[in-house]
Amino acid sequence: MHPFRSAIEAWDLDAVPALLAEDVVFRSPVAHTPYHGRELVSAILSGVSRVFEDFRYVREIGDPAGPDHVLEFQARVGDAEVHGVDLLRTGPDGLVTELVVMIRPMSGLAAVAAGMKEQFASIAVPPDGPPAA
């Protein structure tokens, strides 16, 4: 089991930053522009934990010693069922360098986007992505 999965399943959000590379890239299912950096990505994941209900990983795909991992999940946001995947890429040190999240169905994605809009306001990040550099 990937350490990221273990931390998320245990809701040990304090352990997550140590699993992320300093320059980790997060690609949101809602925003076109990626988010960069351990501190910001950790804050986003903390916000996600307040939006998702009944979150659970249902499958993990990938060579445990390899750099790429797929974590399939299911959750609820209000009345909306959410099904998705976390695509992880790790560096030679085992830290997550890239996290891509994909979510379906559209109604579930819309519920996540609405829930995260409030969370982004609390961390002062635009919900449609960070400003272009």
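The values are calculated or read from the model by the stated rules, or taken from the named source; none is laboratory data. All values reported here derive from a predicted model rather than from experimental measurement. Note that each Cβ is placed from the backbone with ideal geometry, even for glycine, and that neighbours are counted across all protein chains shown.
Take the residues in the range 51-69 that are surrounded by fewer than 12 Cβ atoms within 10 Å (Cβ to Cβ) and among the aliphatic types (A, V, I, L, M), then tell me which one is farthest from G115 (Cα to Cα).
This residue is A65.
Might you check whether a residue that is of a type in the set (D, E, K, R) and touching a strand residue (DSSP E or B) at 6+ places or on another chain (Cβ under 6 Å) occurs anywhere in the range 105-120? So that I can check it myself, show each step before the final result.
As a first pass, look at the range 105-120 and keep what is of a type in the set (D, E, K, R): 117-118.
Keeping just the survivors that are touching a strand residue (DSSP E or B) at 6+ places or on another chain (Cβ under 6 Å) gives none.
No, the conditions are met nowhere in the range 105-120.
Could you list all residues from the range 18-41 that are farther than 21 Å from A110 by Cβ and crowded, with 20+ Cβ neighbours inside 10 Å?
L19, L20, V24, V41
For E72, are the conditions met, namely being more than 14 Å from the chain's Cα centre (by Cα), of a type outside the set (V, I, T) and surrounded by fewer than 19 Cβ atoms within 10 Å (Cβ to Cβ)?
No; evaluated as a whole, the condition is false for this residue.
Could you list, in sequence order, all residues of the range 92-133 that are modelled with pLDDT of 80 or more and farther than 16 Å from G78 by Cβ?
P92, D93, G94, L95, V96, T97, E98, L99, V100, V101, M102, R104 - these are the residues of the range 92-133 that are modelled with pLDDT of 80 or more and farther than 16 Å from G78 by Cβ.
So in the range 1-16, with the set limited to residues that are part of a loop (DSSP other than H, G, I, E, B) and in contact (Cβ under 8 Å) with a residue 40 or more places away in the chain, which one is farthest from the chain's Cα centre (by Cα)? Write out each step before concluding.
Filtering the range 1-16 down to residues part of a loop (DSSP other than H, G, I, E, B) leaves 1-2, 10-16.
Those left that are additionally in contact (Cβ under 8 Å) with a residue 40 or more places away in the chain: 1-2.
On the way: M1: 17, H2: 14 Å.
Applying the filter and picking the extreme gives M1.
Would you point out which residue out of D54, D86, D63, D79 is of a type in the set (D, E, K, R) and closer than 19 Å to V16 by Cβ? I'd like the intermediate steps shown before the answer.
Details: D54 fails: closer than 19 Å to V16 by Cβ; D63 fails: closer than 19 Å to V16 by Cβ; D79 fails: closer than 19 Å to V16 by Cβ.
Answer to the selection: D86.
Look through D68, D86 and report the one residue that is modelled with pLDDT of 95 or more, out of contact with any Lys or Arg (no Cβ under 7 Å at 6 or more places or on another chain) and either within 16 Å of I44 (Cα to Cα) or not basic (K, R) (or both). Walk me through how you get there before you give the answer.
Details: D68 fails: out of contact with any Lys or Arg (no Cβ under 7 Å at 6 or more places or on another chain).
Going through D68, D86 in turn, just one is modelled with pLDDT of 95 or more, out of contact with any Lys or Arg (no Cβ under 7 Å at 6 or more places or on another chain) and either within 16 Å of I44 (Cα to Cα) or not basic (K, R) (or both): D86.
Are there any pairs with C-beta distances below 9 angstrom linking a residue in the range 35-54 that is free of Cβ contacts under 8 Å to residues at least 60 places away in the same chain and over 18 Å from V100 (Cβ atoms) to a residue that is part of a helix (DSSP H, G or I) and basic (K, R), with the two at least 6 apart or on different chains, and if so which?
Between residues of the range 35-54 that are free of Cβ contacts under 8 Å to residues at least 60 places away in the same chain and over 18 Å from V100 (Cβ atoms) and residues that are part of a helix (DSSP H, G or I) and basic (K, R), there is no close pair.
Are any residues in the range 103-114 aliphatic (A, V, I, L, M) and either loosely packed, with under 14 Cβ neighbours inside 10 Å or in contact with a His (Cβ under 6 Å, 6 or more places away or on another chain) (or both), and if so, which ones?
Narrowing the range 103-114 to residues aliphatic (A, V, I, L, M): 103, 106, 109-114.
Correct list: M106 only.
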